[in-house]
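For reference, the structure is listed below as structure tokens.
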Amino acid sequence: MSEDVKAQVEMNTAGAHMRTYLEEMVKKIVRNPSDARIEFSQGEKTTVYIAVVNPDDLGLLLGKKGATIDAIRTLVRAMMARYGMRAIVQLDEQLESHCAKSDLD
């Protein structure tokens, strides 16, 4: 197996493992763990993880002034940097629109 193929396999494996780790972490934070999941798409050097949780759990995932989600993002970024990859943790667009709608009420 060439070095490029080995590196790609290692990055794919790292991305999948990080998804599992991130999902376990999020499920321990929220009140409705059965509704929580992590979707991800992996590019050549960047993996985007999208946290999908029950809208009632959004505040728990964000934390005070965004401290919880910022800590999660920092941890994931650092862990993926070990493999030479960028990682981005986002919230599901539906959650963001739910927040915007709640702010208008």
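The values are calculated or read from the model by the stated rules, or taken from the named source; none is laboratory data. These figures come from a predicted structure and were not determined experimentally. Glycine also receives a Cβ, built like all others from the backbone with ideal geometry; neighbour counts cover every protein chain displayed.
Laid out as a table, the results:
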{"quantity": "Meets criteria (within 16 Å of ASP92 (Cβ to Cβ) and among the hydrophobic types (A, V, I, L, M, F, W, C)) for ALA67", "calculated": "no"}
{"quantity": "Every residue from the range 29-86 that is in a loop (DSSP other than H, G, I, E, B), more than 21 Å from GLY15 (Cβ to Cβ) and in contact with a Leu (Cβ under 6 Å, 6 or more places away or on another chain)", "calculated": "VAL30"}
{"quantity": "Search result, residues across the range 1-28 that are over 13 Å from the mean Cα position of the chain (by Cα) and modelled with pLDDT of 95 or more", "calculated": "LYS28"}
{"quantity": "Residue in the range 73-82 that is under 18 Å from ASP35 (Cβ atoms) and at pLDDT 95 or above present", "calculated": "no"}
{"quantity": "Breaking point among (1) of a type outside the set (Phe, Trp, Tyr); (2) touching a strand residue (DSSP E or B) at 6+ places or on another chain (Cβ under 9 Å); (3) under 20 Å from PRO33 (Cβ atoms), for PRO55", "calculated": "(2)"}
